[in-house]
Structure formats: structure tokens, C-alpha cells
Amino acid sequence: MKEPQPIRLELPTQFQMKTVNSFLIKEPEVTLIDCGEDSEETWLALESELKENGLTVQDVERIIITHAHVDHMGMAQRISKHAQAPVWVSDKVQAWALDPESMFRSRGKLIQDTMKTLLGENVFTQIFPIVFAFGSKMNDSWKPIDPTNLRVFPHEGSLEIGEETWDVLYVPGHSTTQSCFYQANSGYLLSADMLLSITSAPVIEYHEGSTKRARALQEHLSSFKRLKELQISKVFPGHYHTFENADALIEAQIRRITQRKEQCFQLIQQGDTDFFTLFSKMYPKANFPGMNMLVGYLDLLEDERKIVLEPAFPDPIHIQVT
């Protein structure tokens with residue numbers, strides 16, 4: 001007999017996806033997998049979604065977090081305090097749970113340094129206020145979790161969720177803190193932002209234990225390969241609707257990444273050798289996730305030794321074909 005399906009609760013978010021998923025498991029204890037960001041709009045939406053399932057926020061007995069992004073864990077402390085429920089995070093999320101302001105400031109510096117190098121000082125100065133005004137808004141939607149209510153699990157291993165044991169799988173790419181949960185008997189995958197109906201963008205973050213930026217798109221592709229080894233019957237993603245065609249979707253997204261990487265290389269061969277020109281051509285409707293994806297394509301091309309990145313600060317980085 002299959003595990004009862006997690007119930008999708010759709011919550012509003014400030015990001016361009018417009019909503020984020022929290023998944024409800026009602027038995028044997030009321031559990032939320034992820035919980036949205038801390039805003040009044042999200043709180044009211046959660047109350048409404050729980051009411052439709054015969055519950056209130058005070059009925060929540062456990063909160064489990066997939067990764068350390070504000071739209072997935074920002075409201076954890078508020079729910080935990082209201083319901084007296086423990087918050088479960090992996091060891092890779094723990095520092096973010098306890099001190100999100102400090103961690104966000106550190107990641108913000110990495111994003112700033114990376115973009116300043118890629119764009120050059122003049123372009124960066126124009127973009128900086130827009131990006132970091134939004135970053136400040138995100139930080140306002142994220143409260144630290146009371147240490148007495150925090151429970152930590154290994155980022156690889158197993159976890160009891162509902163009435164079954166789920167495998168905890170570390171799947172970096174979108175985030176260096178991200179784990180998803182797989183239930184082998186049912187084939188259910190709580191995929192967080194690793195596997196969505198559209199390709200999720202990697203976020204610029206530090207490589208664990210390092211002062212260097214993680215090569216996130218490479219990690220994302222490696223995580224795809226790991227998921228393809230599973231017998232997935234249904235995916236419960238961090239955004240958008242649940243779906244069942246996991247293998248076909250993974251293959252399509254790998255193909256898309258490869259095609260876009262080659263498109264990027266063709267533009268470089270044609271003489272577009274600065275980051276902002278490439279970005280403008282590949283993402284005419286400028287957006288920060290697109291900028292992150294372009295960083296990933298350049299990483300892939302550099303690893304394939306097709307290009308060399310030559311820092312020229314305060315001018316933009318120069319991209320040279322090998």
C-alpha cells in the first residue's frame with residue numbers, strides 16, 4: 001500500500017514564480033514540508049489552506065525544511081512559535097536557521113563580488129541598487145529559529161516522515177544547502193527546487209567550507225543524474241503543480257541546458273566577449289535567475305576548456321575562446 005500523498009498547499013511569494021509549495025502530511029503527526037516566507041499574506045494563505053484540510057496552524061506538530069532559501073523556510077519560526085512545533089533542518093541548513101541575517105550578508109557579498117568582476121564597475125554600479133534592494137526585502141521575510149525548537153538531521157541518510165522512512169538525498173545545484181526526500185515504496189519524491197516543471201536556476205553561493213563560489217550548474221547536472229537512478233512515480237516540487245514524468249523532464253532539462261550553453265558559446269565565437277552583452281542577447285527580458293544561469297554556462301564552457309575568463313576589473317571580465 002502506497003504512502004498517502006503529501007497535500008500541496010500553495011502559498012504566495014515575492015519571487016517571479018508567484019507561489020511556493022508547502023506539503024502537508026496529516027498522519028501520524030501534522031507535518032509541513034517547507035513553509036513559505038514570513039509575510040502577512042503568506043500567513044493568511046497558510047491559515048486558509050490548512051482550514052480546507054480541517055486544521056489550524058496550531059495543529060502543526062512538525063516543520064521540515066528542504067533548503068535554506070527564504071521562500072521555503074522564512075516563516076518557520078513564526079509557525080513554530082505559534083504551534084510549539086519543532087523545526088527540522090539538515091546540517092547544511094543549520095547555520096541559516098540560527099542566523100539568517102549573517103548568512104544572507106555573507107552570500108550577498110559573494111554575489112556582489114562575482115557580479116562586479118563579471119560586469120565591470122560601471123555596469124555593476126547601475127544594477128547594484130536594484131538587486132540589493134530586493135535582497136533587503138527578502139531578508140525582512142526571514143526570522144531566525146529559536147535554538148530550543150531546532151532539530152538537525154544529516155543531509156544524507158533517512159528521515160521518518162508520515163508513516164514511512166524517506167531517503168534524504170543531498171542534491172546541490174539550485175542551492176548548496178538542498179536535500180530532497182525520496183520514498184522508495186511509493187516512488188514519491190519531495191524534490192524541493194531541484195526538479196520543477198521548468199529548469200530551476202542555480203543561486204550564487206559559497207562552495208561548502210570554502211571562500212570560493214560553487215560551480216552550481218555542474219552540481220545541478222550531477223544531481224539530475226542521481227535522480228535519474230531512482231524509480232520516481234510522482235514528484236512533489238517546491239513550485240508549481242505535482243507531476244509524474246520525472247525521467248522525461250530531467251532529460252529535457254539537460255538537453256535545454258546543453259543547447260543554451262552551446263548558444264552562449266556561439267555568441268562568444270561571433271565576438272560577444274563581455275558578460276553584459278551576452279546576458280542582453282540570451283535574456284532580452286533581463287532577470288536575475290537568467291544572470292545566474294549565464295554564470296553557469298560560462299562555468300561549463302570553462303570546464304570544457306572552450307573559453308578562458310580574463311579578469312580586467314574595473315572593466316568587465318573578458319571572455320576569450322581557447
- Could you tell me whether the stretch 233-248 includes any residue that is under 18 Å from the mean Cα position of the chain (by Cα), more than 30 Å from Met103 (Cβ to Cβ) and outside any helix (DSSP H, G or I)? yes
- Only residues that are open to solvent by 10 Å² or more (accessible area, probe 1.4 Å) and in contact (Cβ under 8 Å) with a residue 24 or more places away in the chain: list them for the stretch 48-70, please. Glu49, Asn53, Leu55, Gln58, Asp59, Glu61, Arg62, His69
- Message: If Val203 satisfies all but one of (1) out of contact with any Gly (no Cβ under 8 Å at 6 or more places or on another chain); (2) modelled with pLDDT of 95 or more, what's the number of the condition it fails?
- Response: (2)
- Item | Candidates Ala95, Ala45, Ala83, filtered to the one that is open to solvent by 20 Å² or more (accessible area, probe 1.4 Å), of a type in the set (Gly, Ala, Ser) and in contact with an Asp or Glu (Cβ under 8 Å, 6 or more places away or on another chain) | Ala45
- Please tell me if Val30 is modelled with pLDDT of 95 or more, touching a His at 6+ places or on another chain (Cβ under 8 Å), buried (at least 19 other Cβ atoms within 10 Å of the Cβ) and not basic (Lys, Arg). no
- Find the residue count for the stretch 1-27, including only residues that are hydroxyl-bearing (Ser, Thr, Tyr) and either outside any strand (DSSP E or B) or buried (at least 22 other Cβ atoms within 10 Å of the Cβ) (or both). 2
- Task: With the checklist (1) modelled with pLDDT of 95 or more; (2) in contact with a Phe, Trp or Tyr (Cβ under 7 Å, 6 or more places away or on another chain); (3) of a type in the set (A, V, I, L, M, F, W, C) in hand, flag the one item Ile257 doesn't pass.
- Result: (2)
- Give just the number: which of (1) surrounded by fewer than 18 Cβ atoms within 10 Å (Cβ to Cβ); (2) assigned to a helix (DSSP H, G or I); (3) of a type in the set (Gly, Ala, Ser) does Ala286 not satisfy? (2)
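In the list Ser222, Ser175, which residue meets the criterion of being modelled with pLDDT of 95 or more and more than 26 Å from Glu10 (Cα to Cα)?
Ser222
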- Task: Could you tell me whether any residue of the stretch 212-233 is open to solvent by less than 30 Å² (accessible area, probe 1.4 Å) and within 22 Å of Pro86 (Cα to Cα)?
- Result: no
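The values are calculated or read from the model by the stated rules, or taken from the named source; none is laboratory data. Values in this document were obtained by computation on a predicted structure and should not be read as measured data. Cβ sites come from the backbone with ideal geometry, for glycine too, and all protein chains shown count toward neighbours. SASA here: full protein model, heavy atoms, side chains in, ligands and nucleic acids out. Shrake-Rupley method; radii C 1.70, N 1.55, O 1.52, S 1.80 Å.
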